[in-house]
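Q: Sharing a structure below in C-alpha cells format, with a few things to ask.
Since every read-out is calculated from the coordinates, none of them should be taken as a lab result. All values reported here derive from a predicted model rather than from experimental measurement. Backbone-built Cβ (ideal geometry, glycine too); neighbour counts: all protein chains shown.
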Amino acid sequence: MNTIMRKSVLGIAGLAFAGGIAAGPATNAEAASVEAVKSVAVVQADKPGVDKAKLIPHGVQGEQSRIDLNDEQVENVKAIIAATKKSDMDERAAVVAIATALQESKLENLGHLGERNDHDSQGLFQQRPSSGWGTVEQITDPEYSTKAFLKGLKQVDGWQDMPLTKAAQTVQVSAYPFHYAQWEQQAADLVAEHWNS
C-alpha cells in the first residue's frame, strides 16, 4: 500500500473512531427504541402485502374524494372485506364494494331516513327491500348486504375488466352512475390497509 493510500485509510478510520467517542455509548432508552423499531419492522415484514396493481388496474377515473372514517365506518370496511373473502372474491371486488358503499352511505349502515330517503333504500349499499335485495334486517346487516352486492357483481360479465364506476353501476342502477369513481383511491387504500389485518 503506498503512503498516500495508507494516510487516507488511517485518516478515515480516525474520523470514524472520534465520531463514535463523541457520540458516546447508546443509553438503555436508545437501545430499547432501536429494538422496538426492529420488532415493528419484523412484524410488518411477516405480514404479506397486497398487490396494489390489482386494486386499481385501470387507473382512477376523474377527481377523487376522501373522507375521514370513524371507528364504526372502519368496522364496516372490515366487514365488507370479510364478506368478500367469504364470497371467494379478490381484493378488486372489495375495492368495488367499498367504493360503492362510500358513495351510497359513506360506509354508514343507514336505516330508513324518512323523507330524506330515496324510496326504501337502507344499509351500506342503500339496497331496497321492494327491489328484492332482502328484508330490512338483512340489508342492514353488513355481511348480508355485501354478499348480496357481490352476488350481483359476479353476474356482471367481465366486471374485472371494467372501470369501477361501470361495474358498480351495473349492479346498483343508480341515478348518478359516475359518482362511484370518485371513491376508488380511498377504497383501494382501505383494502391495502385492512385486507391482511
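Q: A 21 angstrom limit on the alpha carbon distance is what I want to check against. Which of LYS106/LYS147; LYS52/LYS147; LYS52/LYS106; LYS78/LYS106; LYS52/LYS78; LYS52/LYS151 exceed it? Mind showing how you got there, number by number?
A: Values: LYS106/LYS147 18 Å; LYS52/LYS147 23 Å; LYS52/LYS106 23 Å; LYS78/LYS106 14 Å; LYS52/LYS78 18 Å; LYS52/LYS151 24 Å.
Among LYS106/LYS147; LYS52/LYS147; LYS52/LYS106; LYS78/LYS106; LYS52/LYS78; LYS52/LYS151, the Cα-Cα distance tops 21 Å for LYS52/LYS147; LYS52/LYS106; LYS52/LYS151.
Q: Show me the ranking of peptides 157-168, 85-96, 53-64 by mean Cβ neighbours inside 10 Å, starting with the highest. Please report the intermediate quantities before stating the final value.
A: Working: 157-168: 17.9, 85-96: 20.1, 53-64: 13.1.
Result, highest mean first: 85-96, 157-168, 53-64.
Q: If packing is taken as the average number of other Cβ atoms within 10 Å across a peptide's residues, how do 99-110, 186-197, 144-155, 127-138 rank, most packed first? Working shown, then result.
A: Details: 99-110: 22.4, 186-197: 18.7, 144-155: 20.4, 127-138: 15.3.
Per-residue mean Cβ counts within 10 Å order the peptides as 99-110, 144-155, 186-197, 127-138.
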